[in-house]
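Presented below is the structure to which this report refers.
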Protein chains: 2
Amino acid sequence: MRLSRYFLPVLKENPADAQIVSHRYMLRAGMIKQQQAGIYSWLPLGLRVLRNIERIVHEEQQRAGHIPVLMPTMQPADLWRESGRYDAYGPEMLRIRDRHDRDMLFGPTNEEMITDIFRAHVESYKQLPMTLYQIQWKFRDEVRPRFGVMRGREFLMKDGYNFDLSYEDAMHAYNRHMVSYLRTYERMGLQAIPMRADSGPIGGDDTHEFLVLASTGESEVFYDAAITDLKFGDREVDFQDRAALAKIVEEWTTPYARTDETHDVALFHKIPAERQKTSRGIEVGQIFYFGTKYSEPMGAKVNTPDGEVAVHMGSHGIGVSRLVGAIIEASHDDRGIIWPEGVTPFHCGIVNLKQGDTATDAACEALYAGLRKKGLDPLYDDTEERAGAKFATMDLIGLPWRITVGPRGLKEGKVELTRRATGDSEELSPDAAVARLAEIYAGF
Amino acid sequence: MRLSRYFLPVLKENPADAQIVSHRYMLRAGMIKQQQAGIYSWLPLGLRVLRNIERIVHEEQQRAGHIPVLMPTMQPADLWRESGRYDAYGPEMLRIRDRHDRDMLFGPTNEEMITDIFRAHVESYKQLPMTLYQIQWKFRDEVRPRFGVMRGREFLMKDGYNFDLSYEDAMHAYNRHMVSYLRTYERMGLQAIPMRADSGPIGGDDTHEFLVLASTGESEVFYDAAITDLKFGDREVDFQDRAALAKIVEEWTTPYARTDETHDVALFHKIPAERQKTSRGIEVGQIFYFGTKYSEPMGAKVNTPDGEVAVHMGSHGIGVSRLVGAIIEASHDDRGIIWPEGVTPFHCGIVNLKQGDTATDAACEALYAGLRKKGLDPLYDDTEERAGAKFATMDLIGLPWRITVGPRGLKEGKVELTRRATGDSEELSPDAAVARLAEIYAGF
């Protein structure tokens, strides 16, 4: 993309009402625009990151064998009356009446509707196990929305639901989600720690939240330092291998890690003192097992050789739009965002130091074409701005790599490749720069 | 995808309440489930088609130089008060009050919000021309929703908006949209004819609808038979070349083609009698030029050397979810859907005639792996159903190609490749079948 033809409305000043760094940088980098409290438009740069996160979530869900569906945002109130949650949910549910005076709501979550789909179409235990998921907009009418997309009212979430014949099968689904989430977050450059949690309005017995450590997190967290040494890495996982998954889950759930809601001081103090850590965390996902809480009242049953059985269910969420903010909270400096390679809106920036100079323009165009030929997506700053302003914009929007092209370097056949995270620079030929970036991104 | 692990709830019987063939087949093929009047869940097969249509729309929009954004579904009423449409819109607008008693609405279209984004961030004429678009869910509270996704209440639409400095620039944007739409629909296997139209509640002077000819269409259309001979084909288009675009637009707008709303009997009768055609059509898109209708009242102005200028705008829509139905209306037979290659949910089906037979299973697995290695996405029916039922399902869900694998053919090293549209079959080696399909899909 050429910046001169793009829509990247960066702000020079800090927006007054943005209290946390991710909100500030998302506004300043022209990623979002607030339309009303807690409701945002995604401008082109922000949308690219959102789509990258979505893509990773889709890929990892499907790797685990989960099947995508898409439910509407508008739900009939009657479905929620069946589960008893219509009255229980409280003022966070956005209630709507249509022109025929039918009660509807903007779905804050989808346990009822997915159970309705299941009961309408699945009859036999032979069709199990089954996990259906979607990435769809939700609405929760927060009384005081804040922190930008971190606590918005209209937000994008992945919500998945498993349907299983037994507790054991459902716990395998639980483990499958935990393991696939570990992979998912790592691909986004995040360390998200599974912590034993409370179930809240979803209900259920087993539940873990995934938290990213960040000083701006809304939850206080307590953990054994050993857990931050764990890495999922590039291990091959067979998501049908129950024992293998259980082993990985054990690895991540053995070290103490809890939020303030489930914190157990006595247990915590059994950890060697130097490993007892307290911090704050941002919740970026949660998994639940809740058995037959919805399948019983809603009649989601399958026929088995031993008669009808209400299916065991769980639900599993990833905060897709919230992750954009969480990643920034975890990865930034005082000049701006530092995108992990896995989610960056553009793979690199190209800064032309002397726009209008024939040789420099030609070198930039050649780089631009060369990178695209390798399947990379560069943002080429071909504007008339001075160098300082171009660098400031690139730093603010946080592309992990920048190629700087100017007449002086070109005389020696060199451009400069700079890593955003460290500021380290290296001079190399344009071809070598393209090859280097292709190599770096081959792993993403 | 292996059918045994998929969620494809096909129905044996015709649903009673589905009046038109696309609605019937979408329900029978397990593509959608109605959740309430005019509101549907997209089941896995339907979602695949929807996503393919979305992908084509994105690719063609970006080819034309348009930039994706994403606006929220919930809009503040105040924005619509600025344009005067809040009171004018009528009961099709879904009006909502949040917990703080603020008036909101579920966006039925986005002229106001995109104008708000523009006025907040664009100051100089140097940033023009600019076209922003999104693919997002909309809501229109139809008094009598019907025909499945063809006239639903919650529906997915691409809506794009151009911002230009002058009438001439805006007409270039208009032409750019018309040409890119011609390409877009052709890639989906559709012939969509641009017809001079009425502007309705969007307002404006110039507008064309795109209509697909189908007996179930809601509009009566009148056209010169010459227009159905036009093909966009694979011509290379430079979307910045005004003259080239104008010429293509002229080619498609010279033959008479109008809906009943704009029909001119006298003009129509000037066409040679044998070329005067009447039919019905399904609207799948519309483009508008409406000048400063929104930019003036909402203050979307840019600075120019000659002072402030209200931008010239247009809006341009494609009915993404409606297209799923329109394609089926245009392409089916009495056994089911016939997907065009460009949008098919799977590239081909593999039917195992003797599940459990070692050699047949192995041949199917090898085919499955071979097709995937070529980047193709087959649906492998690995269930225990009998052959007749497997064929009926494949015909119903409409994959354009089917490979049938059985012990008899395998003895001679052959499988059968069948084209859904014609029923033509040919025996060839598994490797040749893979190569043939790879060749066919190389063009899509």
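Here, each number is a calculation from the coordinates, and none is a lab measurement. Worth saying up front: this structure is predicted, and the values here are computed from it rather than measured. We place every Cβ from the backbone using ideal geometry, glycine too, and count neighbours over all the protein chains shown.
List of remarks:
- Cβ charges +1 (Lys, Arg) and -1 (Asp, Glu), total dipole of region A:3-337, debye: 1400 debye
- Cα-based convex hull, the protein assembly as shown, per residue volume (Å³, whole number): 184 Å³
- Panel order for B:89, A:40, A:441, A:294, by other beta carbons found within 10 Å of each beta carbon, from fewest to most: B:89, A:441, A:40, A:294.
- Sparse-neighbour loop sites [trypsin sites (Lys or Arg not before Pro); region B:231-317; at most 15 other C-beta within 10 Å; DSSP]: B:231, B:235, B:270
- Bridgeable lysines around residue A:373 (alpha carbons under 23 Å apart, same-chain partners fewer than 8 residues away excluded): A:414, B:373, B:374.
- For residue B:214, residues with placed amide H under 5 Å, excluding near neighbours: B:280, B:281, B:282
- Across region B:101-107, coupling constants 3J(HN,Hα) worked out from phi with the 6.51/-1.76/1.60 Karplus curve, θ = phi - 60°, read 6, 8, 7, 10, 8, 8, x Hz, and Gly and Pro carry x.
- Remark: the Cα gyration tensor places region A:348-442 in the rounded category, a/c being less than 1.5.
- Looking at region B:56-124, the GluC sites (Glu not before Pro) that sit in a DSSP loop and have at most 14 other Cβ atoms within 10 Å of their own Cβ are B:92, B:123.
- What separates the Cα centres of region B:172-187 and region A:372-424 is a distance of 35 Å.
- Ratio of the Cα radius of gyration of region A:108-239 to 2.2 N^0.38 Å, where N counts its residues: 1.20
- Prolate/oblate/rounded label for region A:1-65 (Cα gyration tensor, a/c 1.5): oblate
- Taking every C-alpha pair closer than 8 Å and separated by at least 6 residues, the mean separation divided by the residue count of region A:348-442 gives a relative contact order of 31 percent.
- Residue A:69 long-range amide H proximity, modeled H, under 5 Å: A:133, A:134
- Positive-end ranking of A:444, A:394, A:418 along the dipole of region A:367-444, with charges on Cβ about the Cα centre, is headed by A:444.
- For chain B, calculated [θ]222 nm from helices alone, where every DSSP H run of n ≥ 4 adds -39500 (n - 2.57): -10000 deg cm²/dmol
- Gyration tensor (alpha-carbon) shape descriptor, region A:105-162, a/c threshold 1.5: prolate
- The protein assembly as shown - charge dipole about Cα centre, Lys and Arg +1 at Cβ, Asp and Glu -1, debye rounded to 20: 480 debye
- Percent RCO, i.e. relative contact order, over chain B, from Cα pairs under 8 Å lying at least 6 residues apart: 17 percent
- Two-decimal Rg/Rh across region A:3-337, once Rg and the Kirkwood Rh are taken from alpha-carbon atoms: 0.97
- Here region A:278-298 and region A:308-364 have alpha carbon centers that stand 27 Å from each other.
- Relative contact order (%) - region A:260-368, alpha-carbon pairs under 8 angstrom, separation at least six: 17 percent
- 3J(HN,Hα) couplings calculated from phi for region B:427-444 with the Karplus curve 6.51 cos²θ - 1.76 cosθ + 1.60 (θ = phi - 60°) are, in sequence order, 8, 7, 6, x, 4, 5, 5, 4, 4, 4, 5, 4, 5, 4, 7, 4, x, 10 Hz; Gly and Pro show x.
- Amide hydrogen neighbours beyond the local backbone of residue A:105, cut-off 5 Å, H modeled: A:75, A:77, A:96
- Here region A:66-105 was treated as a single set of alpha-carbon atoms; its pair distances binned every 10 Å from 0 give 26, 50, 21, 3 percent.
- Residue-by-residue Karplus 3J(HN,Hα) for region B:272-281, coefficients 6.51, -1.76, 1.60, Hz, glycine and proline x: x, 3, 6, 9, 6, 10, 10, 7, 10, x
- Rounded Å value of the spacing that divides the Cα centres of region B:199-275 and region B:52-131: 27 Å
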